[in-house]
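Asks: Below are the structure tokens for one structure; questions will follow.
Bear in mind these aren't lab numbers, they're just calculated from the coordinates by the rules spelled out. Since the structure is predicted, the reported quantities are computational estimates derived from the model, not experimental observations. Cβ placement follows ideal geometry from the backbone for every residue including glycine, while neighbour counts extend to all protein chains displayed.
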Amino acid sequence: MNTVNPNSSSKPLKQLLTDSLFTEILEKADASPRGRANHNFHELSEVYQRFLNVLTKEAYIQAHRHKFPPKPETFLVLKGSLGFILFNEDGSILETHHLKAEGPIYGIDIAPGVYHTLVCLSKTAVCFEGKSGPYDPLTDKDFAPWAPSETDSDRKEFLKKLKKLF
């Protein structure tokens with residue numbers, strides 16, 4: 001049962017993170033040409049953005065950073081396994097981290113302005129993300145000029161290269 005939030009006419013008092021919610025979002029990710037889907041717990045205007053990012057093995061996320069305005073970002077793996085890559089300004093690898101729901105590394109919190117991406121290493125993965133808002137699609141991400149875009153034909157080769165780091 002969803003209890004209505006007395007502070008908002010459109011938002012429930014709570015949202016539970018359940019297997020059925022994961023399944024629902026995984027179905028959307030499987031059906032998406034991008035191989036991923038988000039489920040927002042927030043309104044885009046809120047100052048704290050909270051969402052599930054669900055990925056399939058084929059998902060490609062162009063390396064990016066959150067610099068203007070500066071936004072820290074937190075990732076926590078709830079199901080599956082992700083490779084997380086931090087880059088230097090020139091696109092060289094700064095660090096790699098294997099994040100898994102089983103640990104020993106469950107998540108990562110990164111400072112604003114750091115180029116990063118993640119790759120799905122399991123068949124599917126469910127990740128909780130939190131970052132500063134509000135969300136503005138024009139300023140949210142500063143895409144790395146050295147990384148292929150999501151529509152670039154080179155993205156699959158770049159994704160293979162990134163997965164080989166793990």
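Asks: Determine ³J(HN,Hα), in whole Hz, for all residues of the range 75-85 in sequence, where each value follows from phi through the Karplus function 6.51 cos²θ - 1.76 cosθ + 1.60 and θ = phi - 60°; x replaces Gly and Pro.
Replies: Couplings: 10, 9, 7, 9, 8, x, 9, 10, x, 10, 10 Hz.
Asks: Also, quick follow-up: What is the extension gain from ILE105 to THR18, computed as 0.36 nm multiplied by their sequence separation minus the C-alpha to C-alpha distance, in nm to one decimal?
Replies: 29.1 nm
Asks: ILE105's amide H: which non-local residues (gap 5+, or another chain) put their own amide H closer than 5 Å, with H modeled 1.01 Å from N in plane and none for Pro or chain starts?
Replies: Those lying under 5 Å, H to H, from ILE105 are LYS100.
Asks: For percent of Cα pairs over 24 Å apart, which listed value, [x] 44; [y] 36; [z] 33, comes from the coordinates shown?
Replies: Evaluating percent of Cα pairs over 24 Å apart on these atoms matches [y].
Asks: Anything over 22 Å Cα to Cα? Flag those among LYS28/LYS71; LYS57/LYS131; LYS79/LYS156; LYS57/LYS160; LYS123/LYS160; LYS14/LYS141, in the order listed.
Replies: With Cα atoms farther than 22 Å apart: LYS28/LYS71; LYS57/LYS131; LYS79/LYS156; LYS14/LYS141.
Asks: Counting Lys and Arg as +1 and Asp and Glu as -1, each charge on the Cβ, what is the dipole of the range 19-163 about the Cα centre in debye, to the nearest 20?
Replies: Values: 18 positive and 21 negative charges, 71 e Å.
In total the dipole reaches around 340 debye.
Asks: May I pose another question? Figure the gain on full extension for SER122 and LYS28 (residue separation times 0.36 nm, minus the Cα-Cα span) and round it to one decimal in nm.
Replies: 32.1 nm
Asks: Can you sort HIS64, HIS98 from fewest to most other Cβ atoms within 10 Å of each residue's own Cβ? Spell out each step's value before the answer.
Replies: Working: HIS64 17, HIS98 14.
Least to most surrounded, the residues fall as HIS98, HIS64.
Asks: Which value in deg cm²/dmol, rounded to the nearest 500, describes the helix-derived mean residue ellipticity at 222 nm for the chain, given -39,500 (n - 2.57) per DSSP H run of n ≥ 4 and division by the residue count?
Replies: Mean residue ellipticity, 222 nm, calculated: -4000 deg cm²/dmol.
Asks: Continuing with this model, one more query. Does anyone have the angle between helix 19-31 and the longest principal axis of the chain? Alpha-carbon axes, 0 to 90°, nearest 10?
Replies: Tilt relative to the chain: about 50 degrees.
Asks: Follow-up. As I understand it, the dipole of the chain uses +1 on the Cβ of Lys and Arg and -1 on the Cβ of Asp and Glu, about the Cα centre. Which of LEU44, PHE158, PRO148 lies farthest toward its positive end?
Replies: Of the listed residues, the answer is PHE158.
Asks: I've got another one for you. Pairs of Cα atoms under 8 Å, at least six residues apart: use those to get the relative contact order of the range 19-163, whole percent. Let's see the in-between values first.
Replies: Numbers: 333 pairs, mean separation 44.8, N = 145.
It rounds to 31 percent for the range 19-163.
Asks: Per-residue HN-Hα couplings for the range 148-154, Karplus 6.51 cos²θ - 1.76 cosθ + 1.60 at θ = phi - 60°, whole Hz, x for Gly and Pro?
Replies: Using θ = phi - 60°, the values come out as x, 6, 5, 9, 6, 5, 7 Hz.
Asks: Can you list the trypsin sites (Lys or Arg not before Pro) in the range 44-144 that are in a DSSP coil and have 12 or fewer other beta carbons within 10 angstrom?
Replies: Filter output for the range 44-144: LYS123.
Asks: Also, quick follow-up: Enumerate the aspartates and glutamates that LYS161 could reach by cross-link, defined here as Cα to Cα under 19 Å, with residues fewer than 8 away along the same chain left out.
Replies: Leaving aside aspartates and glutamates fewer than 8 places away in the same chain, those within reach of LYS161 are GLU58, GLU89, ASP90, GLU95, GLU150, ASP152.
Asks: Using 0.36 nm times the number of residues separating ASP154 and GLU43, minus their current alpha carbon distance, what extension gain do you get?
Replies: Values: separation 111, 0.36 × 111 = 39.96 nm, distance 3.41 nm.
Roughly 36.6 nm would be gained on extension.
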